[in-house]
Structure formats: C-alpha cells, structure tokens
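Each reported figure results from applying straightforward, stated rules to the coordinates on display, with no laboratory input. Since the model is a prediction, treat every value here as computed from it, not as a measurement. Using ideal geometry, Cβ is built from the backbone for each residue, glycine included, and neighbour counts are taken over all protein chains shown.
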Amino acid sequence: MNRILTGDRTTGKLHLGHYAGSLQNRVKLQDEYDTFIILADVQALTTHFERPELIRKSIYDVAIDNLSVGLDPNKITMFLQSKINAIAELTVFYSMLVSVNSLRHNPTIKTEAKQYGYDDLSYGFLGYPVSQTADITFCNADLVPVGEDQLPHIEQGRKIVRRFNDLYGKGKVIIKEPQALISNTPRLIGLDGNSKMGKSLGNAIYLSDTVEEVNIKVKSAITDKNRISIKDKGNPDICTVSKYHQAFSRDEYENICEMCRNANIGCVACKELLSKRINLILEPFRERRAYYEEHLGEVGDIIVNGSERANKVGNEMVESVKKAMSIYIS
Ligand code: TRP
C-alpha cells in the first residue's frame, strides 16, 4: 500500500476551506493509502512561538476536526510532530542541502512573511520547508495531498531528497522523492469576499460551528454589491455566496446562478439554501465531534499510539540515513 502524508499546523480550529481543499480528500484517500496525518505543532511555533498554550489547545482541536469529518482512527496514523525524533534529526541533515537563497525565494514563504508582517524572518520560519521535507520523508511517503500554496515546499523537498540520494545513495534510493497530490477544488474565499479565510479575519465558518453560527455567518456574507433590490438581476461571478454554492451545492449550482441572473431568487433565499447545505454537511461531523469531546482521553490515546507507530518507522529511516551518510559507530 502506498503511503500518503498530510496535515495541518496546530494554530487554531479548522474551517470549511480546510474541508473543501483537503480534509474531504483525506477521507476518501484513507481507504486506498496508508494515511499519515501530522499535527504540526513544531511548524506552528514558527509563527506562534509566543502562544504555546494556543498550540497545545489546538492539538486537540485539529485532531478532533480531522476525526469529526470521518477519518477513521483504526485506519490512519495521526501523530504529533514534536514527538517524532526522526523529524528533528532529518531537519538538521537536510538543512545542509538547501541554500538560504532558495528558501528566501520560495513564493509561499514570501507571501506568508508579508501576511505575518515579518521584515526580519526567523531562522526557523525561513527553514520550515526543510522541516516539512522531514515531515514527509521520515516515513518515506509517496504522495502529499495538499493545496496549491504548498507546492513550492514539495518542490523544494524533492530537490533536497534528490541531492541527498545523489550525494550519499551510491546509486541507491535511500529516501523516496515525494509527489504532491493537488486537490482540484478551487480555494474557498472568506465570507467577506477576502481571498483568504482565517480566524484573524473573522470570515470563516468552522467545522465546529453550530447551526445558528452557520446561519448568522452566511447571512453576513457579501453578495453582488450592485444588487440592491430583489428585482435587480444579480451577477454570481462577483458574489461570495455563489462561490460557496459552487463548492457545496454542485448539483444545483448552474440553476442557482441562472435564477440569480434572472432575478428569480433573492439573496436572502439564496443564503438560506446555502446555510441548509452547509449544515447538512456539518451534521454528521457534529455527532462525531460530540463523541470525541466527551472522550478526550481517547483522542489523546489516538495521538500517542499514532506517534509511537510513526516513531518506529522514523527511527528505522534515520538509521538508514545515518548509515548512508556514514555517520554511525558500531
Ligand atoms: N504547511 C502545512 C500547512 O500550513 C502543514 C504541514 C506541516 C504539512 N507539515 C506538513 C502539510 C507535511 C503536508 C505535509 O497547511
């Protein structure tokens, strides 16, 4: 069985954007692949090092978000990044094989640096694609299902692996070159029309939101601003709600757009349709969430057991890496 590895930083609860772009896909893939899910708490430190208590809480939030959408703890290996020694060790070895310049030119690093307002990047932040390469390769993952923003990191990782194998492999592949598996769903924008969805922007629907929270948030979404009266014809191309229908009401999408264009449906009714759809998707998640929230010990066990398995795999990997580099003593 081929292996996939993917996961999230533990910097807060996951939202519908995560679901549409990634979690939905994970649930499908878990039956076909040996699925490793990383709770990236070390990577979370690269931006949230001053908020360790938030990271600690988010470990449980993100774990439960993943379980609530239907990832099966009996099938997957969910583990905590900071518990995996191999990731820390490989990060150090890999850091010799990547230039500071190539990290500085990584487009995602550049965008994120701007977003966080860093004009003076920390060494850890600049280097997180290196540590992410360790996240992926410590278990020799074949595929990495991620959003498009992560592509530069995967590419950077592939280069590191190629360099490692060329330098130390003596013709053999010590570390597998991972491949990105990009989800084909378009990135979900914020309810306010902002291209990014996020906690700090207050424009996201969380997987843990209640029916009422979803209804209130959808009501506040920005639609076609030129449509003032229900009699005005709308333009779905510039409407946030339409983007959400495209993602979550696929079978009705064309129909809804047409009704909007002909002024056969008003924004209020259109939003009600959307809230219903979203709540229908979230309903089964809410049930599983309620179970895990009452059984936090079980969630802890899932992470501890997953980390144990990941450590076994990782320790073997580090052994063969060190051997290849001839830095061992026997
Ligand atoms: N960087 C990813 C994100 O921000 C999270 C992540 C950490 C990850 N390590 C990973 C994703 C390894 C895929 C593989 O969403």
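Remarks
- Pairs from LYS110/LYS196; LYS243/LYS271; LYS196/LYS271; LYS28/LYS271; LYS75/LYS312 whose Cα-Cα separation, in the structure shown, is over 22 Å: LYS28/LYS271
- Net dipole in debye of the chain [+1 Lys, Arg Cβ; -1 Asp, Glu Cβ; about Cα centre; nearest 20]: 720
- Taking amide H atoms as placed 1.01 Å from N in the peptide plane, the amide H of MET78 lies under 5 Å from those of ILE37, GLY306, each 5 or more residues away in sequence or on another chain.
- Counting beta carbons within 10 Å around each of LYS323, LYS172 and listing the fewest first gives the order LYS172, LYS323.
- Proximity of backbone amide H atoms, modeled 1.01 Å from N, is registered between ASP8 and ILE38, ALA40 at under 5 Å, excluding neighbours fewer than 5 places apart on the same chain.
- Within the shell defined by Cβ-Cβ distances under 11 Å, the residues around THR11 carry a net charge of +2, with Lys and Arg each +1 and Asp and Glu each -1.
- Here LYS176 and TYR118 are evaluated by their C-beta separation; at R0 = 35 Å the FRET efficiency comes out at 0.60.
- Sum of -39500 (n - 2.57) over DSSP H runs of 4+, divided by residues of the chain (222 nm, nearest 500): -16500 deg cm²/dmol
- Ranking VAL241, VAL211, ILE230 by how far each Cα lies toward the positive end of the dipole of the range 202-252 (charges on Cβ) leaves ILE230 at the top.
- Over the range 76-145: Rg over Rh, Cα atoms, Kirkwood Rh: 1.00
- Peptide packing for 195-202, 162-169 was compared via the average number of neighbouring C-beta atoms within 10 Å per residue; ordered from the highest value, the list is 162-169, 195-202.
- Sum of side-chain charges, LYS323 neighbourhood, beta-carbon under 12 Å (Lys, Arg +1; Asp, Glu -1): +1
- Fewest neighbouring Cβ atoms within 10 Å first, the residues ARG26, ARG261, ARG289 line up as ARG261, ARG289, ARG26.
- Three-way shape label, the range 65-189, alpha-carbon gyration tensor, a/c 1.5: oblate
- For the range 49-149, the relative contact order is 32 percent, taking Cα pairs closer than 8 Å that sit 6 or more residues apart in sequence and dividing their mean separation by the residue count.
- Overall Cα dimensions of the chain - principal axes, largest extent first, Å: 80, 44, 38
- Using C-alpha pairs under 8 Å with a sequence gap of at least 6, the mean separation divided by the residue count of the range 99-250 gives a relative contact order of 17 percent.
- Value of relative contact order over the chain, rounded to a whole percent, pairs C-alpha under 8 Å and six or more apart: 23
- Ordering of 48-54, 100-106 by packing [mean C-beta count within 10 Å, highest first]: 100-106, 48-54
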